1. Among residues other than A:D480 whose Cβ falls under 14 Å from its Cβ, what is the net charge (Lys/Arg +1, Asp/Glu -1)?
2. Return the aspartates and glutamates within reach of B:K135: Cα separation strictly under 12 angstrom, same-chain partners fewer than 8 residues apart disregarded; answer none if there are no such residues.
3. Got the relative contact order for segment B:1-100 handy, in percent, Cα pairs under 8 Å and 6 or more residues apart?
4. Using the alpha-carbon atoms, what tilt in degrees (0 to 90, nearest 10) does helix A:1045-1082 show relative to the longest principal axis of chain A?
5. Select from A:A1097, A:I778, A:V132 the residue farthest towards the positive end of the dipole of chain A; place +1 on Cβ of Lys and Arg, -1 on Cβ of Asp and Glu, and compute about the Cα centre.
6. Apply the Karplus curve 6.51 cos²θ - 1.76 cosθ + 1.60, θ = phi - 60°, to the phi angles in segment B:91-97 and return the couplings in whole Hz, x for Gly and Pro.
7. Charges on Cβ only, +1 for Lys and Arg, -1 for Asp and Glu, centred on the Cα centroid of the protein assembly as shown; of A:L1061, A:I26, B:S98, which one is farthest towards the dipole's positive end?
8. Can you pull the one-decimal nm distance between simple spin-label points at A:Q280 and A:S884, each 7 Å off the Cα toward Cβ?
Amino acid sequence: MKKTDLKDALRNIRKNLLSWISIVFIAGIAVAAYLGIRFSASGMRSSGNEFYQKTSFRDYEITSTMLLTEEDIELIKNTKGVADVEGVYFSGGTVTIGDKNENVNAVSLTERINTPLVISGKLPEKADECAVEDIIAENLGLGVGDSISIKDTDGNTPKYLKDSEYRITGIVQHPDHLAKPAQTPGSRYVLLIDDAFDTESLKGCYMRAEIRLDNTSGLSYYSDEYLDIVKDTEDRLKTLAQKREKLRYQELYGDLEKEIEDKQKQLDDAKAELDDARKQLDDGWNELEDGEEKLKTAEDTILQSDDKLAEAKKALDDAQKQIDEKSEELEAGKEEFKKGSEAYASADAELKANRKTLDDSRRQLVAGEKEYSDNFGKYSEASGKLDDAKKVFSLLGQYRQKLIDEGKNVGSVSLDAVKEYVSQNGQSIPDEFSDYSNLEELYNGIEDKISDLESELSDSKAALDFARAQLDDGWAKLDDGETAYAEADELLKEKKEQLDKAEVTLENGQTQLDQAKKQLAEKQKEYDKGLDEYDNGQSSIGESRTQLKESREKLEQGEEDYSSGLDDYNEGVKAIEEARSNLAGMKDCRWLLFGVRGNPGYAHLFSTSDNISRMSITFSLFFVVIAALVIYTSVGRIIEEQRRLVGASKALGLFNREILFKYMMFGVGATVIGIILGIISGYYVIQGVVLSAYKKIYVIGRPASVIQIPMSVIILAAGTALSAIAVLLSCSKLMRSTAIQLMQEKQPRTGKRKASKAGSLYSRLIMRNIRSDIPRVIVTAVSVAGCCSLLVTGFTMRNNVSGVIGLEYGGVIRYDEKVRFDPERSQTAKDEIEKILSDVGVEKTAIYDNIHTYLGNDELQTAEIFCGDLKQFTKFYTLKDQKSGKTLSTDPDGVYIQSRTAEVFGFEKGDSITVYDKQMEPYTMEVAGVFNNYLGYTMVMTDEYYEKVFEKPAQMNTFLVKADDADQKQIEQKVKEVDGYESVSYCKDEINTMGTLVTIFTGLSGMMIIIAGLLAYFILLNINKMYISQKTKELTIMRINGFTVGEVKRYLLMETIVTSLAGIVLGIVIGSVMGYSVIRNLEAPYLMFIRRVNLIAWLLAAVITVLFTLGINVIALRKIKRLKLTDVE
Amino acid sequence: MPKENRFTKATWQIMEQLLGTESIEDALSQCLETVVETLDSEAGAIWLLDKKTQQLTPMFHIGPADISNISIENGSGIEGDVTKSGKSVIITDFAGDSRYDSTVFEENGLPVKGMLCVPLNNLHEVIGCVQIVNKKDGSFYDKEELQLCEHMAALAAITIDEKGLSTDTSEQKEILASLRNVTKEFPSGNGVIQVLKGINIDIYKSEFVVILGESGCGKSTMMNIIGGMDFLTEGKLTIEGKDFSHPSDAELTMYRRNYIGFIFQSYNLMPNLTALENVEFIAERVKDPMDPKEAIERVNMTERANNYPGQMSGGQQQRVSIARAIVKKPKLILADEPTAALDYTTSIEVLATIEEIVKKYGTTVLMVTHNPEIAKMADRVMKIRDGKIASVKKNNHPLHAEELVW
């Protein structure tokens, strides 16, 4: 290689930088996606392995249905290939902190195998100390130093534990539980030292044996080599198991048989004792009957005396009552007489006083009459004087008038003259007026006198009238008083007669009463005597009665004792019958051997990483095709552009390889750089995103990133080789051509092309453009298809995963919450909770809901069995046939399994499933149908069928509740107070958990969409640039000929639209297939996604692709405006 | 070289040119060039008098001003005065000279500082005048220089008399495009390169103009500006009186679409369209196109109408390209070295086609070429040198394409 060759090669890259960068990116993205996902899978496994290495995870675990003896442990240890064995005790219980319950397994601490990883604190050293798994600590809010109490369902210390109180010394992670409970449900561990267990009652037996093999050290638990190498020892352990199972069975059978014989003997003795007791009791009862007969007769007699006494008593009482009444009447008569006498005396006195008053009044009236008569005489006299005075005055008046008329002075007329005049007229002047000196004075004096007299007379007249009236009134009253007096006197006389008669009657009554009293006293005496006799009889009957009662009580007690003795005996008989039947039906002893894959946490990580790894292949294959195509076309275009130059180089004597170097530098160089960038970004970015998504799932947090050097080198080599092939292919024509051929104008393609006349000029032109440049068009279409298919895949993943939530909750699961209770702890819990729920008015149904294990693909699998009245149950849970979609019958004679279970383990209707109870006893169920379900591992059956299979009734322990609008918190508060309450779990919480998963897939699909975007961006930009630069001359000519920028863009876009549409259709097809494949890869035995094509994903992908293509075209098409028209020759 | 020697040499040259030539037009134009060069001047012109109309028109002219379309009445202006009086003049003071007519040079982009004007006197009569303008060093002309010019004018007048030269002073031509003081600069490194340094030309309707010039002289740039493919830096471009100096992109596009047909050296046909389709492709866009089939027929390509460019020879492709240009019925066809890539026979075929188009449709054709032989076909030949118009020559007797030989 010459210096100028390198310069030329580098400048060539600089000139075609966009294409070069595109190749770098495409190679990078392809490798990043593939390796990133591969690394992630590997990272998960290596982190898992690291955790298992740190904790010396067991290679095998053996659990026996009949415990493991010391001898068993010893024999396991001596099995070839086994390096170490440790026995483990465990016991289930519940830890309650506040209102939170956590089911736990108290497990004995091992020293060398399955050693827990201490997160904080230290491992327990004393019997009252414990370490708890971090999940328990987290759920219950516990820390080092806190105390916990482990209780069984009855609230007692669990079986095999010495005590229930423990102090936490450490928080740990246990290798048995790599995945969190949401992924692998089951009780987490409380670790105790061996001394905390009641080893005596276990008779030196263990429940479980943890085994390490001698050939696995240094191997990853997840490696194929490991899974291979353990098989030999597994076979030997299985052989040992078969041997030991039989021996253990025989041993236990013998022990049990002997126990039954001993019990039978005890029962026979008890029976004899019981018969004796019966006889004694019967005698006692007979005696009691006699005594009672006698007592009855005595009681009858006394009952008769009782009646007689009562009659006598009544007669006595009546007589006494009569006497009392009569005495009362007599006393009342006497009282009345006394009052009458007193009234008479007072009336008599009053009459006499009245007589005197009347006489006084008469005298006063007579005196009054005399006085009146005197006063009247005086009045008449005064009246005569007045009349005289009036006559004189009148005459004086006439005289005076006469004098006045005559004109004489009235004052000068002498009295004498006046007298004369008066006397002439037959009158005289009274004396009293003789003092006046003249007429005028006289006239005035008489006038005054008349006036005085008239006034005086008027007063006298009034006094006289008043005295008259009074006198008349007094006379009238006196007459009335006389009449009244006469009447009263008559009445008083009558009263006096009556009083005298009454006095005689009273005296007779008193005599009669005294006689009656005497008779009564005699009768009373007789009665008292009879009563005494009666009392004596009564008291002797009472005594007899008490005696008889005591005897009866004794007999009844005896009877009770006998009955309980009999019950004990019957129970004993029953127990022994049961023991016999148990013995007859005693199941074989079974050893359950679990390898690492039998551990749910291990299996979860195994299948998850496997799924991820498979996913990477789907993607990368696709990228590789695109990357190769892009290299091929990019280099091809560059060579075409530099055709003359290559020809000239050849002409100047350069070898093909020297010319090729430049293009190799371009294509292979970009690929190598891209792959290296891809490895780096795969390690950091993709692995980062993927592993972060899984940190919520495993207790170990985010798995550590891993880089696989050999794989990276292989990819680098393969990528280099592939890109070299692509470059070689695109250069092949160039290598074959001679210098002259290359330097000449490119000859038109040979072979007569017939110009088709179909379609418009434009469509013809576009079709011909496409035909003449088919590799580029294919790459464009494939790139668009790539972008679109990734989008379809991403959206399908997201929608089909998140859509499951809607289909599951509301579709299959139609209840809102599960209220769990423990019927063994409280028999009334069911009724109480039912009442609370009824009061709130929510719909509910009681079911049996429990986790069971069953055999699927020859490994133990977990199932949640629902059983109950399916008619009710189906109101809360949809059971639709997976294939036909029809509602399944509600009285199946078998178990309904869910679609995913049927699919993964190959069960069909009519198949048998081996299911285990808690004691790992196997039972056989028949599949009655397959119902459509997405999440979980549910099996459904009627309670009748449950009883048929497990030979015991299903105890309802859960209410499914449709809360609707009810206050769920309030319900929870109420049911919490019920004894036997366990938990309330809400579907919305499960939806949230599912939400986590959806987030992971959303993240993954988001990543895919970004990758799709980047990929499409670079490829399309590159292709567009290529296309436009190739068409520059054509476009410039169009512009020169007056085509507007818009018209030229439309011309270019037209083809883009055709290729994009083709790409979108292709992308949707590929994307749907990829989406299906990815979805299937992501499914787990407990998880099924929607597998239908997702039309919304199609639509979204198509729309985004169109926008993307348009966006890139808009960028590329800007060049049209900048085309230099003057560059054309 | 001393002045006298130069003059002597120039005089000999002029004599050789005039006596030895077959084409009087060529000889006169060469003489004028010799004189302008010898006198180190900016421009020069030979005016001839039409006896019937008594109008003077420039037969040849050299320099940045295109005065082709100017005619002056005998007796008026400096040119008329010299022709009428038969006396030479040296003008130094234009402001003070009432005869000076600024419409001749000034308005065609050349401010006049000094001038020589001598009559073309063929011993019997004055048939015109020779005019030399502006010494490049800014000095005025002296008598010696006047003498050289008079010698040349005398020789030229005698030759014209001998060989005969008819002047065509037909009515003034209608201007299609007009460039005034057009410059074009391109950025180069830190500075700029001025490719066009002030072009003043008029393109008339229905004429066939050939532009000659060395590589890099600016002829293509000028054509790009006229064709609406490039913008001028300074100056003024008018098309049919409308100012196109600084048009918008849309205006230019519509201008190209409706006014201009293009013929390129390398044909530039759409490779994925047949001959007919290539024509249709353009016709579909134009307001009032010719029938594409007719256009194809015009260029005698009917038989190959359905062939793709890749299936045709270069000449055939160029003929399709001409059909594509004429289908628009353009006012102006720009042809940039249309025959450069073709052999002689094919070139003649193509040129004949162009000639026919000009004749038949009266389309103006502006053709850039290296080949001076092709210039003989032109109505006018413009030479460009170093970004300026070096000379404009009117061909009174253009040849037919078939008559060309090279």
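1. My count for the surroundings of A:D480 gives -3.
2. Candidates past the 8-residue exclusion: B:E37, B:D40, B:E42, B:E145.
3. 15 percent
4. 80 degrees
5. A:I778
6. My calculation for segment B:91-97 gives 9, 10, 10, 7, 4, x, 9 Hz in order.
7. B:S98
8. 7.2 nm
Bear in mind that the values in this text are calculations on the coordinates, not laboratory data. As the structure is a computational prediction, the values presented were derived from the model and not from experiment. So basically every Cβ, Gly included, is an ideal-geometry build from the backbone, and we count neighbours across all protein chains shown.
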